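Written below as structure tokens is the structure these notes are about.
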Amino acid sequence: MTQRIIQRIRGKIRLGQYDMTVHAMEEMAEDNLDILDVEHAILNGQITSSKKDDRGGTKYVIHGISADEHTEIGVVGRFKEIGRYLIITVYEIFD
């Protein structure tokens with residue numbers, strides 16, 4: 001099931017059928033990341049967990065590598081009722 005969900009998320013990213021919260025854009029800027037980093041992480045990353053306790057729908061946590069091929073980042077998002085994918089937050093993962 002997880003593989004089917006990540007493929008669905010990747011499809012939304014490839015088609016540009018996603019939105020970002022203001023919070024996600026602020027966090028992205030704070031960590032010196034850009035949209036290409038976020039897209040790259042989703043397209044090449046994996047779902048590490050899901051949280052079903054949110055009233056807005058299941059949230060998926062994806063860990064992947066940014067476009068520089070070195071920086072590991074996390075992306076949290078969920079599907080919106082209209083079928084688009086909403087990126088809620090983005091963060092750099094430090095070891």
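Details
- Charged neighbours of Thr89, selected by a Cβ distance under 10 Å, balance to -1 (K, R count +1; D, E count -1).
- Chain lengthening between Asn32 and Arg8 when straightened (0.36 nm per residue, less Cα-Cα): 5.9 nm
- Distance between modelled label sites at Ala67 and Ile47, nm, 7 Å Cα→Cβ extension: 2.7 nm
- Signed unit charges on C-beta, dipole axis of the range 2-92, positive-most listed residue Ile35, Ser66, Ser49: Ser49
- Residue-count net charge about Gly56 - beta-carbon cut-off 14 Å; Lys, Arg +1, Asp, Glu -1: +3
- Ranked by how many other beta carbons lie within 10 Å on average, peptides 13-23, 48-58 from highest: 13-23, 48-58
- Sorted peptide list for 85-95, 1-11, criterion being average Cβ within 10 angstrom, highest first: 85-95, 1-11
The numbers here are math on the coordinates, done by the rules we state, and not lab data. The structure displayed is predicted, hence computed values, not measured ones. All Cβ positions, glycine included, derive from the backbone under ideal geometry; neighbour counts span all protein chains shown.
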